[in-house]
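Step one of this worksheet: look at the structure below.
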Amino acid sequence: MLERKSIVSIEDVSTEEMFEIFRVTDEMQGSIDKKKRLTSMSGRIMSTLFYEPSTRTRMSFEAAMHRLGGSVISMAEPKASSAAKGETLADSIRMFSSYSDIIVIRHPLDGAARLAAKFSSVPVINGGDGSGQHPTQTLLDLYTIYHSFSSIDGLKIAILGDLKYGRTVHSLVMALSRFDVEISLVSPPILRIPDYIKSRVQDNVKLREETDLNEVLSNCDVLYVTRIQKERFSDMNEYNSVIGTYSIDVSDVDKMKKNAMILHPLPRVDEIKPTVDYDPRSAYFKQAANGVPVRMALISLILGD
Amino acid sequence: MERTLRISKIREGIVIDHIPGGKSLKVLSVLNIGEKSGYTVSVAMFVQSNRMKTKDVLKIESRFLEKSELDRIALIAPDATISVIKNYEISEKFTVEIPKRILGILKCNNQNCITNGREPIRPEFELLSRSPLVIRCIFCERNMGESEIHSSL
């Protein structure tokens, strides 16, 4: 189904394909647990083109390809690459797609991954474009939720923090809207989710916007916390007015359901206190770890024979 | 009462009717008809209309329209009718239509969109809704409404 397909937006993955990814992710996790050596991607090369800093996304994609027996080539720092010499992204992509079998790209401009997919002769996976989308983060977020609750339908999900610029949130809200869920969006007024994302939420989803976390804390099954991203603000006064608005500590977690789950795409700064890490409801490190088997599954399904 | 023509007939050119009241100057602007174009243009603004309360009408002599110009007009005046005049007679009459794919005629208003750089691509949008007018950039996936579209044309 996903064979040879580029994944730029979460809408490029059907719900059926999503569950197929989850099924293969379980298999991949089994192989990791058993320390089984996989060779399905032997002889295949992945290019990772990160025009913006990345730790988890880049390393988990590279780890995934290595665990599947494939190889990875990476662009050096963008500042030292041909982009700095004025080469267009289209030209870079034409070249890199002749060097490799699959491309993973992160870029500061919105729509860069869609452009890359147009010019590439091999599948392109979006590792985050501007404040646009981050579909593989969404896949691992949903896998983490699904794995824990055995279903996504029926859940109450609160999403907290920077909903305006946070691309992980944009992809997540769009994907969740396919399910029978209640979504609470909690943010300072100036960081509300953009209308262009809200307009894409299906009518069947109950969506509400809040500024007070206490309105949703005791009721939610999943609390998805995001960082307020300093690098996305052009106006530092605006950033200073919202930084530190929310900071989850143990007393907040105590108000939550016993089987609730706290997620965060990481890195965190001060929006979740380190003391919360010891609570069994904190699942963000497991969520980050799921990045490898989920991306192994995705690569296998795209490049599989 | 004797019926009179507000603007006299033209020999050759186009008549653009059913432009929303007040939008005719914007239509002239997207057709690049300004102070130096030299075309003879008649403009009737805020004419009473049964269908649209008030409308504007343009008569432009010795000027015909390309497909991309019709698409631009459709984004400003989605109900506009175009009459092509030859030898004082209407040789062709049709209504403009907003295309489902809008290619290369306007820029994305998201300044962070890759299409606003120097990449070798034409901006491309899909039509989401005709009324109210909403289009989406196929690259950055941002929606643009009527006022944003008009300021981008």
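The values are calculated or read from the model by the stated rules, or taken from the named source; none is laboratory data. Because the structure is a prediction, the values reported are computed rather than measured. Note that each Cβ is placed from the backbone with ideal geometry, even for glycine, and that neighbours are counted across all protein chains shown. Calculation scope for accessible area: heavy atoms of the full protein, side chains included, ligands and nucleic acids excluded. Shrake-Rupley method; radii C 1.70, N 1.55, O 1.52, S 1.80 Å.
Between the listed residues A:Ala288, A:Ser241, A:Val181, the Cα displaced farthest toward the positive end of the dipole of the stretch A:135-288, a dipole computed from Cβ unit charges relative to the Cα centre, is found at A:Ala288.
Before rounding to the nearest 500, sum -39500 (n - 2.57) across all DSSP H runs of length at least 4 in chain B and divide by the residue total; then give [θ] at 222 nm in deg cm²/dmol.
Values: 3 runs with 24 residues, N = 153.
Taken over chain B, the calculation gives -4000 deg cm²/dmol.
Summed over the residues of the protein assembly as shown and divided among them, the accessible surface reaches 47 Å² per residue at a probe radius of 1.4 Å.
The angle between the Cα long axis of helix A:89-99 and the longest principal axis of the Cα atoms of chain A comes to about 60 degrees, rounded to the nearest 10. In the stretch A:193-230, the residues that give up 30 Å² or more of accessible area when the other protein chains are added, compared with the chain on its own (1.4 Å probe), are A:Tyr196, A:Arg200. Electrostatic bookkeeping for B:Thr40 treats Lys and Arg as +1 and Asp and Glu as -1; over the other residues with beta carbon under 11 Å from its beta carbon, the sum is +1.
The distance separating the Cα centre of the stretch B:113-153 from that of the stretch A:114-154 comes to 23 Å. Just need the relative contact order of chain A here, percent rounded to a whole number, with Cα pairs under 8 Å and 6+ apart. So the answer I get is 21 percent.
Taken across both chains, chains A and B shield about 1600 Å² of accessible surface from a 1.4 Å probe.
Using Cβ point charges alone (K and R +1, D and E -1), the dipole size of the protein assembly as shown about the Cα centre works out to roughly 840 debye. Relative contact order of the stretch A:135-288: 24 percent, from C-alpha pairs under 8 Å at least 6 residues apart in sequence. Taking label points 7 Å from Cα along the Cα-to-Cβ direction, A:Lys34 and A:Lys255 give a separation of 4.6 nm. Once you have a ≥ b ≥ c as the square roots of the Cα gyration tensor eigenvalues for the stretch A:124-251, tell me rounded if a/c is under 1.5, and otherwise prolate or oblate according to whether a/b is larger than b/c. Oblate shape, in that a/c is at least 1.5 and b/c is the bigger or equal ratio.
Percent of accessible area on the protein assembly as shown owned by carbon and sulfur, 1.4 Å probe?
About 47 percent, which is the carbon plus sulfur part of the accessible surface.
Taking a sphere under 13 Å around the Cβ of B:Asn143 and counting the other residues whose Cβ falls inside, with K and R at +1 and D and E at -1, yields a net charge of -2. Give me the angle, in degrees from 0 to 90, between the Cα long axis of helix B:67-76 and the longest principal axis of the Cα atoms of chain B, rounded to the nearest 10. Tilt relative to chain B: about 90 degrees. If you find the alpha carbon centre of the stretch A:172-232 and of the stretch A:1-41, how far apart are they in angstrom? If we compute the Cα centre of each part, the gap is 27 Å.
Against the main long axis of the alpha-carbon atoms of chain A, helix A:135-149 sits at an angle near 50°.
Helix content alone sets the calculated 222 nm mean residue ellipticity of chain A: runs of n ≥ 4 DSSP H residues at -39500 (n - 2.57) each, divided across all residues, give -10500 deg cm²/dmol. Using 18 Å as the Cα-Cα cut-off, could you pick out the over-long pairs in B:Lys67/B:Lys93; B:Lys67/B:Lys100; B:Lys26/B:Lys59; A:Lys5/A:Lys118; A:Lys206/A:Lys257; A:Lys156/A:Lys255? A:Lys206/A:Lys257, as the Cα separations exceed 18 Å there.
Net charge in the neighbourhood of B:Leu65 (other residues with Cβ under 12 Å of its Cβ; Lys, Arg +1, Asp, Glu -1) is -1.
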